[in-house]
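Here is the structure we will look at, set down as structure tokens.
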Amino acid sequence: AKTSGRSTFCFFEAEMDAGIQKRRRLEIDLRQAIAGDEFEIFYQPQVNTETENVVGFEALVRWHHPDRGLVSPAEFIPLAEETGLIVPLGEWVLRQACKDAATWPKNIKVAVNLSPLQFRSPLLIHTVVSALGDSGLTPCQLELEITESVLLTDSESALATLHHIKGLGVQIAMDDFGTGYSSLSYLRLFPFDKIKIDQSFIRELGTSKDCAAIVKAVVDLGYSLGITTTAEGVETPEQLDRVRRHGCTEIQGYLFGKPLPVSHVPEVLAKGQAA
Ligand code: C2E
Ligand code: CA
Ligand code: CA
Ligand code: CA
């Protein structure tokens, strides 16, 4: 192949075109998918660390693309966020998750992810109220997961939104804690019920003294602030043992179960309650 500057340039240009093409294609497909019926929610169990009982499920959206099969949310959520399509998609997830959870035992919660764009939407509160009303789900069975990034800009209106949600009786979790520009003072300023410690810290619990120290510090801080803690991405008995010793309230991870279609929930519950 030629290695002149010109051909290299053309090569990159072509590459970039392919990237843009692919992105456009995905955007068109995403619009159709929302109009059609191509999404499904998978549920991943959340387990009490001490009792090992299932206490809730996180709703994780899946896209069954007609040609490409299952597309990972890591691929389409960022695009949905950029294009604003996350708002209708997120509303669908919230409504469907509330409907599903309304058929579960009253002590089992459902956790739904809220994207920053959804969180800032003036329609959010209305959507939450209407999703609860239409499904008949008890508000305390619903937990909304937000990332710290939503607190960075316009923290005053973010605080007002959080108080409004809490006022409905809905719980709030801070997701992926430790990956952004978290400030510990956020935990005091904003009314969180739960901190989800990002899986990157859990993964290195056995190999990094720093990670272990951070997890312990977050759990202890949560404890003194009355905020429960969840360890994300627990995959091994060793990791479970460590988060248990640090005093994490709940765990979520492949060790206890992967995200599965809603039809599997009763079976997971039957197992998880007997344990
Ligand atoms: P997240 O909210 O941090 O969700 C946890 C992710 O970790 C999920 O990936 C889950 O399948 C994965 N996971 C759980 N346990 C383990 C484990 O033990 N090991 C490993 N390696 N991974 C584990 P998933 O389902 O692919 O979702 C990726 C991200 O996409 C989510 O991260 C969330 O940010 C976003 N997402 C998914 N569904 C929604 C949604 O309905 N709305 C919004 N706004 N975002 C969503
Ligand atoms: Ca989450
Ligand atoms: Ca997370
Ligand atoms: Ca994440």
Once the whole set of protein chains is in place, how much accessible area is left on T51, using a 1.4 Å probe, in Å² to the nearest 10? 70 Å²
Return P(r) of segment 10-163 (all Cα-Cα pairs; 5 Å bins starting at 0; whole %; ordered from short to long distances). 2, 8, 16, 18, 18, 15, 11, 6, 3, 2, 1, 0, 0
Amide H contacts of H65 (H built 1.01 Å from N, under 5 Å, at least 5 apart or other chain): L70, V71
Projected area, mean over directions - segment 11-63, Cα convex hull, nm²: 5.9 nm²
Quick one, what does Rg over Rh come out to for the chain if you take C-alpha atoms and the Kirkwood Rh? 1.01
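Quick one: order E204, E50 from most to least accessible surface, probe 1.4 Å. Spell out each step's value before the answer.
Values: E204 90, E50 170 Å².
Solvent-accessible surface, decreasing: E50, E204.
How high is the relative contact order of the chain, in percent, counting Cα pairs under 8 Å that sit 6 or more residues apart? Provide the component values of the computation, followed by the final result.
Numbers: 419 pairs, mean separation 51.2, N = 275.
Averaging sequence separation for qualifying contacts and normalising by length gives 19 percent for the chain.
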Using a Gaussian network for the chain with springs between C-alpha atoms less than 10 Å apart, which of these wobbles most: L189, L255, L168? L189
Rg to Rh ratio, segment 74-212, alpha-carbon atoms and Kirkwood radius? 0.98
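Filter the trypsin sites (Lys or Arg not before Pro) in segment 101-137 down to the DSSP loop ones having no more than 16 other Cβ atoms within 10 Å, then list what survives. Show your work: numbers first, answer last.
Numbers: sites: K106, K109, R120; in loops: K106.
Sites meeting the loop and neighbour criteria: K106.
Please list the helices of the chain that count as membrane-span-like by this rule: a mean Kyte-Doolittle hydropathy of at least -1.0 together with Cα atoms stretching 30 Å or more along the helix axis, each helix being a complete DSSP H run. Intermediate values should be presented prior to the final figure.
Values: long enough: 5-35 (45 Å, -0.39).
Flagged H segments are 5-35.
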Wrap a convex hull around the Cα atoms of segment 210-275, take a quarter of its surface area, and give that in square nanometres. 5.2 nm²
Just D29, D100, D176 to compare: in a GNM of the chain, with alpha carbon springs under 10 Å, which one fluctuates most? D29
Which of G206, G69, G84 moves the most in a Gaussian network model of the chain with Cα springs under 10 Å? G69
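Which of the pairs K166/K271; K109/K166; K209/K258; K216/K258; K109/K209 have their Cα atoms more than 23 Å apart in this structure?
Numbers: K166/K271 32 Å; K109/K166 15 Å; K209/K258 28 Å; K216/K258 25 Å; K109/K209 33 Å.
Table pairs above 23 Å Cα-Cα are K166/K271; K209/K258; K216/K258; K109/K209.
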Cα Rg, Dmax, segment 42-117, angstrom units: 14.3, 44
Taking just the alpha-carbon atoms of segment 154-230, what radius of gyration and Dmax come out, in angstrom? 13.4, 42
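The values are calculated or read from the model by the stated rules, or taken from the named source; none is laboratory data. Treat the numbers as computed from the prediction; the structure is a model and nothing was measured. Note: ideal-geometry Cβ built from the backbone for every residue, glycine included; neighbour counts use all protein chains shown. Protein only, heavy atoms only, side chains kept; ligands, DNA and RNA dropped before computing areas. Shrake-Rupley method; radii C 1.70, N 1.55, O 1.52, S 1.80 Å.
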